[in-house]
1. For segment 151-184, what are the residues that are without any contact (Cβ under 8 Å) to a residue 40 or more places away in the chain, within 16 Å of the ligand (Cβ to nearest atom) and in a loop (DSSP other than H, G, I, E, B)?
2. Go through segment 70-105 and give me each residue that's hydrophobic (A, V, I, L, M, F, W, C) and either out of contact with any Lys or Arg (no Cβ under 7 Å at 6 or more places or on another chain) or away from the ligand (no atom under 14 Å from the Cβ) (or both).
3. Kindly indicate the residue of segment 51-80 that is open to solvent by 50 Å² or more (accessible area, probe 1.4 Å) and assigned to a strand (DSSP E or B) and also nearest to R132 (Cα to Cα) among those meeting that condition.
4. Quick check, is E129 open to solvent by less than 30 Å² (accessible area, probe 1.4 Å), at pLDDT 95 or above, within 11 Å of the ligand (Cβ to nearest atom) and assigned to a helix (DSSP H, G or I)?
5. Out of all the residues in segment 330-351, which are more than 15 Å from V307 (Cβ to Cβ) and of a type in the set (S, T, Y)?
6. From A204, A210, which residue is away from the ligand (no atom under 15 Å from the Cβ), surrounded by 21 or more Cβ atoms within 10 Å (Cβ to Cβ), touching a residue at least 12 places away in the same chain (Cβ under 8 Å) and outside any strand (DSSP E or B)?
7. Sort out which residues of segment 294-333 are within 14 Å of the ligand (Cβ to nearest atom), more than 18 Å from A350 (Cα to Cα) and either hydroxyl-bearing (S, T, Y) or not assigned by TED's automatic domain parsing to the domain that holds H259 (or both), and write them in order of number.
Amino acid sequence: MTHPEIAATLSRSTGPLDDALAQLRQAAEALDMPDGLHEMLKVPRRELAVSIPLRRDDGSLAVYSGYRVQHNFTRGPAKGGLRYSPAVEIDEVRALAMWMTWKCALLDVPYGGAKGGVAIDPRQHSQAELERVTRRYTSEILPVIGPEVDIPAPDIGTDERTMAWIMDTFSVARGYTVTGIVTGKPVSLGGSLGRASATSRGVAHIALHAMESRGIDPAHASAAVQGFGKVGHGAARFLAEAGVKVRAVSDIDGAVYSHEGLDIARLSEHVERTGSVVGFEGAEPIDPSYLLTLDVDVLVPAAVEGVLTSENAAKVEARIVVEGANGPTTKDADTILRERDVLVVPDILANAGGVVVSYFEWVQANQAYQWSERDVNDRLEERMSRAWHDVVSRAGAHDLTFREAATEIAVERVVDAHRLRGLYP
Ligand code: NAD
């Protein structure tokens, strides 16, 4: 697509892209940003749409759509996850890429933002089929990725094995091993200790800061977590370890509740065995949509975007929402939650632990040296706390929501980098 075509599509956007553009517009107005620069930041620097033919195990042929969107490179190589989900479409990938730019800037890691996706349901495919899809997708986007260009990582429906296939495909094409092409890869292939739990550890760390700011003692607090994947599972575990009663969790199949707090270790074993939280004996089943409105102190949406909406935001009982997922709160819901004095800790702060340790993984690949897990975790907490305090002080000084403050800080840093670099030619 040409720039005018992309710009025209953006003006008709709905869903997460609409939310992302509204957040940028607000920051642009607050920062008194020139129109031209605002226009530049609305539109991704580069987009690639690819078609991925797959020879299925039964010999039939299927074709899937894949994307890689690179929103910005001004502060460094583009960085962002790769999502496998039937819901993947270009506008969603654009929104997620833009949020990655802000997240990297807010946490002050030297990256721009990107995101990738394939419109496929991984649960309907064998490992062999997923490997073929991943390798073909990688080979299609090969010209636009690289350790100094754009570095993919896991997201919904992908994991460290997916990253190992990408690394191998890229390395075979180059003729030598390139460990810095992906992050979130297995530790035995140069992955970082602590990367697998980094996002959820960061979510819990920020949730504890948020509780402290509202005078809530974790030992007497309760939480509900939507999503029990890489982010939700770890967030539930770390919150429980901090003394919080995690009363409910859900996944795509259903939700479970225990007033006394779920035994997360036993629940994990159940999920390992059965593939879902549904049927866990130590809890009662509840309607998954009910989880979002439970009377708990902290709500952690850690599944997909757009789950807190104008329909349910007025019913949210939690005093704090910590966005483990990207874009779980629509802009209408944001307004309602603000009016109701619910503290919403935005995604670009709350779930940034993953990209922080991805950065550490990339640094370790560049150094060909492995840091200890304690080193990784300490540096992660230090960076997350710094970003938390930056956001709190900006929000306090200008009477902003945490999302407005976080976005303004991030956009300002990207704009500064643009100004210093100037425009070529
Ligand atoms: P995942 O695939 O590991 O897990 C997703 C979980 O959400 C699964 O338990 C799935 O069953 C559940 N789910 C999906 N649709 C649902 C629905 N409609 N209702 C309830 N549950 C549903 O993915 P993940 O890596 O944990 O990512 C979750 C969110 O966190 C995404 O928004 C992702 O972009 C964001 N995120 C992930 C990372 C990371 O490092 N993995 C980093 C930052 C942000």
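The values are calculated or read from the model by the stated rules, or taken from the named source; none is laboratory data. Quick caveat: nothing in here was measured; it's all calculated off a predicted structure. So basically every Cβ, Gly included, is an ideal-geometry build from the backbone, and we count neighbours across all protein chains shown. In case anyone asks, the SASA skips ligands and DNA or RNA and just uses the protein heavy atoms, side chains included. Shrake-Rupley method; radii C 1.70, N 1.55, O 1.52, S 1.80 Å.
1. Selection gives V182 alone.
2. Passing the criteria: F73, A78, L82, A87, V88, I90, A95, M98, W99, W102, A105.
3. Of everything passing the filter in segment 51-80, R55 is nearest to R132 (Cα to Cα).
4. Numbers: open to solvent by less than 30 Å² (accessible area, probe 1.4 Å): yes; at pLDDT 95 or above: yes; within 11 Å of the ligand (Cβ to nearest atom): no; assigned to a helix (DSSP H, G or I): yes.
Judged against the criteria, E129 is not a match.
5. T335
6. Unique residue meeting the criteria: A210.
7. T309
Rundown of residues vs (1) outside any helix (DSSP H, G or I); (2) more than 22 Å from the chain's Cα centre (by Cα); (3) over 22 Å from G202 (Cβ atoms), yes/no style:
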position: A314; (1), (2), (3): no, yes, yes
position: A318; (1), (2), (3): yes, no, no
position: G327; (1), (2), (3): yes, no, no
position: D334; (1), (2), (3): no, no, no
position: D341; (1), (2), (3): yes, yes, yes
position: Y359; (1), (2), (3): no, no, no
position: W362; (1), (2), (3): no, no, no
position: W371; (1), (2), (3): yes, yes, no
position: R374; (1), (2), (3): no, yes, no
